[in-house]
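**Q** First, the structure itself, so that you have it in front of you.
All of the numbers you see were taken from the coordinates with simple rules; none came from a lab. As the structure is a computational prediction, the values presented were derived from the model and not from experiment. Because the Cβ atoms are built from the backbone with ideal geometry, glycine has one as well, and the counts that use them run over all protein chains shown.
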Amino acid sequence: MKNKVNWTWGAALAWSMLCGSVLAEPVARHITAKVEVENTTDYKNIAGSTARSKEQTRQLNVTLDNRDKQAANDVVVKWAIYAHKMETNKLVTVKEGTVKAKIEALSTTSVKGEKVIIKGTPKHTVVTRKTTNGKAQNSSKNEAATGEEYYGYAVAVYAGGVLLDETSSHPSLKIEK
């Protein structure tokens, strides 16, 4: 009886050594992303109003860090920049893109998304002043909001089609797969 138990344990040990590597999960890659947003905002006065229109420029700079001892040649960075419509406050995707990258072992590399320009004017009142027969007359006209205003970004890093890292400026923002 003892011989059968020893033989069973021996067979189980041999089986796990031979087939264990086949049954194990694939090795996870260790690539992370850090995102910096290059941004500028220019304001322009609106004639007859105290409001100003806004032109925002945004560009994502993604630094990829490979902590593996192997180079990663199949890295894909998907990115998106989001804005709110000024008229409705609805969230919209302004621009999205994909950048391919190669990262040497134990090193970092940076990739950039395209520059995005977002223009918008808030709801405002324009006051005009006319002089008729020596009398000053003021009139005002309400103008609706137009354009968009920057809201945030989302970035996802893939290697071999597997999602490795995902980051965004707001937890609710995600890249569509």
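**Q** State, to one decimal in nm, how far the label point of T88 lies from the label point of T109, with both points 7 Å from Cα in the Cβ direction.
**A** 4.0 nm
**Q** What is the distance in Å between the Cα centres of segment 43-63 and segment 109-177?
**A** About 8 Å separates the Cα centre of segment 43-63 from the one of segment 109-177.
**Q** Multiply the residue separation of V37 and T128 by 0.36 nm, subtract the distance between their alpha-carbon atoms, and state the gained length in nm to one decimal.
**A** Gain on stretching V37 to T128: 28.8 nm.
**Q** Quick one: Karplus J couplings for segment 133-141, per residue in order, coefficients 6.51, -1.76, 1.60, θ = phi - 60°, nearest Hz, x for Gly and Pro?
**A** Couplings: 6, x, 10, 7, 10, 9, 9, 10, 9 Hz.
**Q** Something else now. Shape verdict for segment 45-105, please, from the Cα gyration tensor: rounded (a/c under 1.5), prolate (a/b greater than b/c) or oblate.
**A** On the way: a/c = 5.10, a/b = 3.08, b/c = 1.66.
Judged from the Cα gyration tensor, segment 45-105 comes out prolate (a/c at least 1.5, a/b above b/c).
**Q** Grab the beta carbon distance between A71 and V162, set R0 = 22 Å, and tell me the FRET efficiency rounded to 0.05.
**A** 0.85
**Q** As an exercise, use a Förster radius of 22 Å and the Cβ-Cβ distance of K102 and T57 to find the FRET efficiency, rounded to the nearest 0.05.
**A** Efficiency, rounded to the nearest 0.05: 0.20.
**Q** Could you work out the pair-distance distribution P(r) of segment 28-168 from its alpha-carbon pairs, with 5 angstrom bin width and percents rounded to whole numbers?
**A** 2, 9, 16, 15, 12, 10, 8, 7, 6, 5, 4, 3, 2, 1, 1, 1, 0
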